[in-house]
Amino acid sequence: MTYWESRKNSGLKFETIKLMQDKEPRYSRPYRPGIDVNLYATKKSVAQGMMDIALLTANASQLKYILKEGEESRFYLVNVICIGISIALQLVVGVLLILNTRYNINLVSHQSRAELVNNLTIIGIFLITVSNVFVSAFGTSPR
């Protein structure tokens, strides 16, 4: 009989399993209530809304400057169109953020609609970003 066969037959394996079963799990912690996902999503939507308001204010200021400067600007039409698109998309995203706060994502029946509204919001934010990149690229600086 080899060394390993004698160890196998000695019952050591069963004692080790029994000792491991008697121990507490390695990562056990006292129970703490989990994060309220719905509250987190609402706070995230409010933060996005605040950033949307700040960007809307900046775009309105840019539009005012471009309209004051008049059509003598080299990229007047491009700027007016891009800023107009950005402002319109910001209004749509603002409405989507308000709609998204109406859903309770802890309820299974609300999750698919909340996910759809959230995805549309993300697409809107992406399009706003692209529009503002064009505004920055073709923008004019004060003289």
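The values are calculated or read from the model by the stated rules, or taken from the named source; none is laboratory data. Computed from a predicted structure; not experimentally measured. Methodologically, a virtual Cβ is constructed for each residue, glycine included, from the backbone with ideal geometry; neighbour enumeration extends over all protein chains shown. What goes into the accessible areas is simple: the full protein's heavy atoms, side chains included, and nothing from ligands, DNA or RNA. Shrake-Rupley method; radii C 1.70, N 1.55, O 1.52, S 1.80 Å.
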statement: Filter the range 42-79 for residues that are in contact with a Phe, Trp or Tyr (Cβ under 8 Å, 6 or more places away or on another chain) and part of a helix (DSSP H, G or I); the one that is most open to solvent (accessible area, probe 1.4 Å) is Val78
- prompt: If a residue has to be open to solvent by 90 Å² or more (accessible area, probe 1.4 Å) and not hydrophobic (A, V, I, L, M, F, W, C) to count, how many in the range 111-135 make the cut?
  reply: 2
query: How many of the residues making up the range 95-114 are at pLDDT below 90 and either under 21 Å from Met50 (Cα atoms) or outside any helix (DSSP H, G or I) (or both)?
result: 12
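Per-residue answers, yes or no, for (1) within 23 Å of Gln62 (Cα to Cα); (2) surrounded by 13 or more Cβ atoms within 10 Å (Cβ to Cβ); (3) touching a Gly at 6+ places or on another chain (Cβ under 6 Å):
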{"residue": "Ile81", "(1), (2), (3)": "yes, yes, no"}
{"residue": "Ser86", "(1), (2), (3)": "yes, yes, no"}
{"residue": "Ile98", "(1), (2), (3)": "no, no, no"}
{"residue": "Asn104", "(1), (2), (3)": "no, yes, no"}
{"residue": "Ser109", "(1), (2), (3)": "no, no, no"}
{"residue": "Gly139", "(1), (2), (3)": "yes, yes, no"}
message: Any residue at all in the range 16-37 that's modelled with pLDDT of 75 or more and within 30 Å of Phe126 (Cβ to Cβ)?
response: no
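Table: residues versus (1) out of contact with any helix residue (DSSP H, G or I) (no Cβ under 9 Å at 6 or more places or on another chain); (2) aliphatic (A, V, I, L, M); (3) at positive phi.
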| site | (1), (2), (3) |
| --- | --- |
| Ile66 | no, yes, no |
| Ile83 | no, yes, no |
| Ala88 | yes, yes, no |
| Ile98 | no, yes, no |
| Leu107 | no, yes, no |
| Gln111 | yes, no, no |
- request: Run Leu91 past the list (1) open to solvent by 40 Å² or more (accessible area, probe 1.4 Å); (2) modelled with pLDDT under 90; (3) more than 16 Å from Val133 (Cβ to Cβ) and report the number of the one that doesn't hold.
  value: (2)
